[in-house]
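The values are calculated or read from the model by the stated rules, or taken from the named source; none is laboratory data. Quick caveat, the model's predicted, so the values are computed rather than measured. Reconstructed Cβ throughout: ideal geometry from the backbone, glycine too, with neighbour counts over all protein chains shown. For the accessible areas, the whole protein counts, side chains as well, though only heavy atoms, and no ligand, DNA or RNA atoms are used. Shrake-Rupley method; radii C 1.70, N 1.55, O 1.52, S 1.80 Å.
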Amino acid sequence: MSTRTAGAPRNTARDLAQVAVFAALIIALGLPGTITIGSSGVPITLQTLGVMVAGALLGPRKGVLTVLTVIVLGLALPVLAGGRTSLTSLSSVTGGFLIGWIPAVALIGWLTVKMLPRYNVFVGIVINALGGIVVIYAFGIAGMMLRSDLTFWQALSANGTFVPGDLLKAVIAAVVAAQVHRAYPALLTSATPVRTPADAA
């Protein structure tokens, strides 16, 4: 007895389309540019909001593919906020923040899938904050320590100014995710297996 997955090619095309759309969203969120506060050199951008939304709506696999798509495109194109390329970002003292996008979107996506089918905004905010703040900051601070003479506490304090803005991003991403999951409750469900005529024999 065997089963097949209904609409597998269609689902693959849909997945690729979703990855492309959310990669474009992250890139578009970088168009307003960056704002740098203090001497840390860490820029404020809206692109981490796109990372949170991608994880919350696409799940871990497609979320990671989305972030990787942006980073790969950034090897040749200035897709990051401030007109930077991925190489420019990775070679800077703040390169760890870009690397942190990958585990961040994976964690947000994985925990969001665990929470469904009912999306809770408050839990979503916590999940987004864990991935979009704790994880990204952990990688970013580690990168700052490796590429400068900053101690852990100095690197941590240099990023304290950005926490309120990133918390606001976590809230916005959760509110958006709640609305989308309410309208499309099967967004993160896999294709339904269907029985073929041979299965009934």
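For segment 129-170, a residue qualifies if it is under 14 Å from the mean Cα position of the chain (by Cα), over 16 Å from Ala54 (Cβ atoms) and β-branched (Val, Ile, Thr), and exactly one does: Val134. Note on segment 51-86: residues that are over 9 Å from Gly109 (Cα atoms) and open to solvent by less than 10 Å² (accessible area, probe 1.4 Å) total 8. Scanning segment 70-92 for residues that are touching a Phe, Trp or Tyr at 6+ places or on another chain (Cβ under 9 Å) and either under 24 Å from Leu16 (Cβ atoms) or among the β-branched types (Val, Ile, Thr) (or both) gives Val70, Ile71. Pairs are defined by a Cβ separation below 8 Å, a sequence spacing of at least 6 or placement on different chains, a first member in segment 138-150 that is in contact (Cβ under 8 Å) with a residue 24 or more places away in the chain, and a second member that is in a helix (DSSP H, G or I) and open to solvent by 70 Å² or more (accessible area, probe 1.4 Å); the pairs so defined are Phe139/Ile99; Ile141/Phe152; Gly143/Ile99.
The single condition among (1) at pLDDT 55 or above; (2) open to solvent by less than 40 Å² (accessible area, probe 1.4 Å) that Gly7 does not satisfy is (1).
Every residue in segment 87-128 that is crowded, with 19+ Cβ neighbours inside 10 Å, over 17 Å from the mean Cα position of the chain (by Cα) and within 22 Å of Ala186 (Cβ to Cβ), please. Listed by number, the list holds a single entry, Tyr119. Does Thr192 satisfy the criteria of being surrounded by fewer than 19 Cβ atoms within 10 Å (Cβ to Cβ), modelled with pLDDT under 85, under 19 Å from Thr94 (Cα atoms) and out of contact with any strand residue (DSSP E or B) (no Cβ under 7 Å at 6 or more places or on another chain)? Spelling it out, it is not the case that Thr192 is surrounded by fewer than 19 Cβ atoms within 10 Å (Cβ to Cβ), modelled with pLDDT under 85, under 19 Å from Thr94 (Cα atoms) and out of contact with any strand residue (DSSP E or B) (no Cβ under 7 Å at 6 or more places or on another chain). For segment 156-179, a tally of residues being modelled with pLDDT of 95 or more and either outside any helix (DSSP H, G or I) or open to solvent by 40 Å² or more (accessible area, probe 1.4 Å) (or both) returns 7.
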